[in-house]
1. Exactly one condition in (1) assigned to a loop (DSSP other than H, G, I, E, B); (2) under 18 Å from the mean Cα position of the chain (by Cα) is false for Phe251; which is it?
2. Among the candidates Ala113, Ala128, which residue alone is surrounded by fewer than 18 Cβ atoms within 10 Å (Cβ to Cβ) and of a type outside the set (Lys, Arg)?
3. Restricting to region 178-209, what's the tally of residues that are touching a Phe, Trp or Tyr at 6+ places or on another chain (Cβ under 8 Å), under 28 Å from Lys351 (Cα atoms) and assigned to a loop (DSSP other than H, G, I, E, B)?
4. Are there strands (runs of 3 or more DSSP E) fully within region 5-82 with at least 3 residues that are touching a residue at least 12 places away in the same chain (Cβ under 8 Å)? List them.
5. Restricted to region 268-300, and to residues that are of a type in the set (Gly, Ala, Ser) and within 20 Å of the chain's Cα centre (by Cα), which residue is surrounded by the most Cβ atoms within 10 Å (Cβ to Cβ)?
6. Kindly provide the set of residues from region 191-213 that are surrounded by 19 or more Cβ atoms within 10 Å (Cβ to Cβ) and basic (Lys, Arg), ordered by number.
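The values are calculated or read from the model by the stated rules, or taken from the named source; none is laboratory data. Here the structure is a predicted model, which is why all the values come from computation and not from measurement. Cβ placement follows ideal geometry from the backbone for every residue including glycine, while neighbour counts extend to all protein chains displayed.
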Amino acid sequence: MVGFAGYWMPIQYSGGIIAEHEWTRSHAGLFDVSHMGQLIVSGEVALEALQALLPADLSSLPLGRMRYSLLLDENGGILDDLIVSNITGDEGPAFYVVVNGATKQADIAHIEARLPAGVRLDHLAGHALLALQGPESAAVLERLFPGIAGELGFMQGTSRAFGAATVGIGRSGYTGEDGFELSIPAEHAKRLVNLLCAEAEVQPVGLGARDSLRLEAGLPLYGHDLDTNTDPVSAGLAFAISKARRADGGFPGAGRIAGLLADGPQRRRVGLLLEGSAAAREGSLVFAGTHEAGKVTSGGFSPTLGCSIAMAYVDAEHGAEGTVLEAEVRGRRLPARVVKMPFVPHKYHRKGDA
């Protein structure tokens, strides 16, 4: 257990990081991610208020659908990355927003200071958040909530009764595998965890495997691969800026980001495949010959591929797929080839998949 963002968090359980990683890839891993920030933004002009803060086109987000987006500063720097869900109901427009645990208090303060009158932000501090991830997660959850596997595709959400509680269920996650995230009042979380862990396919998984899984999936981690010194284009997250928002702007940093989209960034987030098992950790320098071309932001050993992988920001001229660079590891320079991410293909379940 380690301290993180005011919580005690499990790095691993009894099986070890690699065993938990492989279990999640083959079966179903259960992660406690209650440190994440769960917010509800509601009110008559909640849509317009969020669109002024995020580059996502939420006006085209159907009820029950989820969308990845970014909280940006006035220069287009990334304050956080997040998921927004449209949960509009009888009481009017409402959006469920999940933000990173280490940034949630700053996010809340930033958003609240910019909300117009009549728009409310509620922090669901009394809710737990669980992530059930892996190829057998749908079969497991179907036993507890019949019909859920057929109802939801990737990035779709709903709610179900769980005794006296209501569980918010979204088909999403941070591992690259098919999976679900479940938001539940904390006093009911233990019962749900016990029921899930009683299933033969499920084992609890800690932060160590969560990090190696998201790295294989090519998913950035805020505070490492993303921060206020990075922008969506350099980070390879331009997909989060919809075509309509690119044309209309109206979000923080829109002018600078438009220039980066038109001219290209000076550096790019790339995937690196290293020779051997020695890991290039965060801060390792990347070279093109004698030229310092960039720096690793996340790296480690890939249990699935059996070699070391990393994410790095490198000069755009050295960011093409197939480019051979060198990463400095413990005083030695190891060959590192730029590869397309994700390192391990995503296995998200989309509606209509067999």
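1. With (1) assigned to a loop (DSSP other than H, G, I, E, B); (2) under 18 Å from the mean Cα position of the chain (by Cα) applied to Phe251, the lone miss is (2).
2. Ala113
3. 2
4. Result: 28-32, 37-42, 66-72.
5. Gly299
6. Arg210
For (1) surrounded by fewer than 15 Cβ atoms within 10 Å (Cβ to Cβ); (2) farther than 21 Å from His123 by Cβ, each residue gets a yes or a no:
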| residue | (1), (2) |
| --- | --- |
| Gly6 | yes, no |
| Tyr13 | no, yes |
| Glu20 | no, yes |
| His27 | no, yes |
| Ser42 | no, no |
| Ala46 | no, no |
| Asp90 | yes, yes |
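Residue-wise test of (1) under 19 Å from Ser212 (Cβ atoms); (2) assigned by TED's automatic domain parsing to the domain that holds Ser59; (3) modelled with pLDDT under 95; (4) outside any strand (DSSP E or B).
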site	(1), (2), (3), (4)
Leu260	no, no, no, yes
Leu272	yes, no, no, no
Arg281	yes, no, no, yes
Gly294	no, no, no, no
Phe301	yes, no, no, no
Leu305	yes, no, no, yes
Ile309	yes, no, no, no
Val314	no, no, no, no
Ala336	yes, no, no, no
